[in-house]
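The values are calculated or read from the model by the stated rules, or taken from the named source; none is laboratory data. The model shown is predicted, which means the values in this text are computed figures rather than measured ones. Reconstructed Cβ throughout: ideal geometry from the backbone, glycine too, with neighbour counts over all protein chains shown. Accessible surface areas use protein heavy atoms only, side chains included; no ligands, DNA or RNA. Shrake-Rupley method; radii C 1.70, N 1.55, O 1.52, S 1.80 Å.
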Amino acid sequence: MNAGVAELARMIEEASGFVVPQRSYGQLAAVAREQVASLKLNGIEQYMDLLSVKADSPEWRHLLARITVKESYLFRGPAQFAALGSTILDEFSAIRPDRRLRVWCAGCARGEEAVTLAIVLDSHQIVKAWDWSVLATDVDDQALEEARLGLYGERAVSAVPAEILASRFVRRGDLFEVEPRLLGRIAYRKLNLVDRDAIIEAGPFDVIFLRNVLIYFRPDLQRRVVQTVEQSLAQDGVLFLGPSESLLSLEATLRPRDLGASFCYQWPPSGSERRADTGAIRPIQGVEHASCQDPPHRALPPVVTRDRKHRHTLDEPIRRLSDALEAVDFEAARGIALTLRHEFPENPLTHALVGFAAYRMTDFEAAVLAYRGALYLDAASPEIRFLMAVALEGQGRFDRALREYRSALIALGSAPPATSPIFKTLGLPARDQLANICRKKISINTN
């Protein structure tokens with residue numbers, strides 16, 4: 001059965017791009033057994049034969065509906081929606097004489113994100129009167145059918161501000177129904193992200209939300225999808241990814257743009273080149289930089305997932321990462337860290353490792369993006385706050401760095417005295433010493 005499950009996982013990846021990690025093979029095997037019994041087949045081999053006959057068969061739709069992730073809620077990741085509703089839409093309203101706006105929500109599942117986008121657009125003082133629309137796509141027919149109903153339970157609307165819930169939804173028993181006028185602005189459509197021609201034909205788009213999708217693809221498919229997305233993005237358009245995702249190492253032309261509490265990607269200015277960071281790190285006035293020197297070689301402790309059902313020790317990749325750091329091979333270290341983040345996107349430490357490797361390569365921009373993803377998953381970590389401050393300082397963004405040093409000091413005040421073994425291995429001082437460094441930075445720059 002194990003070999004058959006691995007082959008079934010390969011078929012799923014080829015058909016949809018969705019990678020079924022080995023830790024989910026048990027779930028996939030259970031689904032396969034249920035379908036074999038339901039269809040009265042002889043085994044998983046015959047089930048795969050049935051799937052191979054037609055790529056868009058009802059059985060494929062049922063299988064994808066069972067194994068793809070659809071759990072979400074409205075206004076998930078509010079910082080990005082806030083930036084869209086203010087900064088981005090304000091800019092569009094000043095430069096768009098045609099008063100049209102097309103938004104693509106990729107991997108929309110049951111429509112929580114698409115509805116949130118529609119609410120944001122319809123709430124903007126100027127854009128709400130425009131000809132705007134949201135195209136929401138997914139590979140799961142069942143999820144799309146549920147999305148078209150516009151009905152959501154208590155959990156799905158738990159993060160919706162009270163005034164929006166009252167004005168944009170109608171209570172239907174235990175459910176909340178999106179107002180028909182708003183739902184009518186959303187077009188739900190089946191679309192596979194590996195179908196380049198269909199995506200190009202559907203574009204161009206002014207805003208693309210491709211959040212928490214790339215993490216389920218392998219790097220080679222991530223590159224292909226990103227290239228297609230770039231081709232479907234308008235020249236003044238913006239792309240939003242999930243907090244655990246980055247275009248780093250994907251050969252993308254789009255460049256990150258800092259929006260304060262979040263970031264997006266846009267085309268670089270015409271004729272400009274990608275910024276190359278230099279190795280010099282500028283300190284905050286008069287204080288030596290709190291850099292992380294090469295630590296003595298120690299085996300990095302295992303990184304485990306937060307999910308108690310799937311605690312996977314990663315001794316081998318962590319050992320290779322440790323060896324790469326010791327050999328000052330930061331490119332190799334970053335590659336290993338990126339692989340870890342791809343396998344365990346829910347673990348903030350894997351994001352921090354990507355940031356640390358990027359920082360050591362003096363790629364401060366990439367480090368800041370990685371640390372931001374880590375902080376999204378664990379906002380209370382004083383070490384990650386401190387590393388973010390150091391990376392911002394390296395960028396020369398001293399005001400932002402100072403704010404992060406303050407945040408790190410506050411986090412240190414409520415954190416236990418022990419430092420995570422991983423941060424010790426990276427050469428960070430103990431927490432009491434980190435607090436002293438933060439106080440020194442703050443004192444020098446506020447006097």
Mind giving me the FRET efficiency for R319 and A79? R0 is 45 Å, r the Cβ-Cβ distance, nearest 0.05 is fine.
0.80
List, in order, the whole-Hz ³J(HN,Hα) value for each residue of region 203-213 obtained from phi through the Karplus relation with A = 6.51, B = -1.76, C = 1.60 and θ = phi - 60°; use x for Gly and Pro.
x, x, 10, 8, 9, 10, 9, 10, 9, 6, 10
How much accessible surface does Y371 have with a 1.4 Å probe, in Å² rounded to 10?
0 Å²
A159 to E45: FRET efficiency via 1/(1 + (r/R0)^6), r the Cβ-Cβ distance, R0 60 Å, to the nearest 0.05?
0.85
Surface accessible to a 1.4 Å probe, K424 within the full protein complex, Å²:
100 Å²
Long-range amide H partners of V238, meaning residues 5 or more apart or on another chain whose placed amide H is closer than 5 Å, are V207, I208
Set of region 239-261 residues, backbone N closer than 11 Å to the point 7 Å along the Cα-Cβ line of Q227
251-252
Return the distance in nm (one decimal) between the two label points of a simple spin-label model at A6 and S38, each offset 7 Å from Cα along Cα→Cβ.
2.7 nm
Under a cut-off of 16 Å between alpha-carbon atoms, report the aspartates and glutamates in cross-link reach of K128, not counting same-chain residues fewer than 8 places apart.
D90, E91, D98, E179, D206
Whole-Hz Karplus couplings 3J(HN,Hα) for region 366-375, θ = phi - 60° and coefficients 6.51, -1.76, 1.60, Gly and Pro as x, run 5, 4, 4, 4, 5, 5, 5, x, 5, 5
Given a 1.4 Å probe and the protein chains all in place, what does the accessible area of L428 round to, in Å² to the nearest 10?
10 Å²
